[in-house]
1. Output the DSSP H helices from the chain with an along-axis C-alpha extent of no less than 24 Å and a mean Kyte-Doolittle hydropathy no less than -1.0.
2. By how many nm would the segment from Asp64 to Asp15 lengthen if fully extended, with 0.36 nm per residue of separation less the alpha-carbon distance?
3. Only Cα pairs under 8 Å and at least 6 apart count here; give the relative contact order of the chain as a rounded whole percent.
4. Amide H neighbours of Thr61 under 5 Å, counting only residues 5+ apart in sequence or on other chains, H built in-plane at 1.01 Å?
5. Provide the per-residue ³J(HN,Hα) series for segment 48-54, in order, calculated from phi with Karplus coefficients 6.51, -1.76, 1.60 and θ = phi - 60°, each as a whole number of Hz, with x at glycine and proline positions.
6. Any idea what the dipole of the chain comes to, in debye rounded to 20, about its Cα centre with Lys/Arg Cβ at +1 and Asp/Glu Cβ at -1?
7. Each label point is 7 Å from the Cα along the Cα-to-Cβ direction; what then is the distance between the points at Asp48 and Met1, in nm?
Amino acid sequence: MQGFLVFVAGVMQVDPSELSGETRFKEFKKWDSLMHMRLVMEIEEEYDVEIPIEKVPTIKTLNDFYKYTQA
């Protein structure tokens, strides 16, 4: 998980210490709807996974994203 948080911090351009698995969409200043879609694309590319488009709206925390990297 720590490596994943470092990766996400790089995408968001924040310090990894600002993030945790419980960091929530729209409650974290840098995580708006545009960043949400960017995270989908960056995670898919970095971890060679596919996040089904119909599942994207159900992703609310970084833990939700992390689960897709563990498939």
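1. Result, helices passing both filters: zero.
2. So the chain would gain 15.6 nm between Asp64 and Asp15.
3. 33
4. Phe25
5. Each residue's phi maps through the Karplus curve to give 6, 10, 10, 9, x, 4, 6 Hz.
6. About 300 debye.
7. 2.6
Just so you know, all these numbers are worked out from the coordinates, no wet-lab data involved. Bear in mind the structure is a predicted one, so any value in this text is a computation, not a measurement. Heads up, the Cβs are rebuilt from the backbone with ideal geometry, glycines too, and the neighbour counts pull from every protein chain shown.
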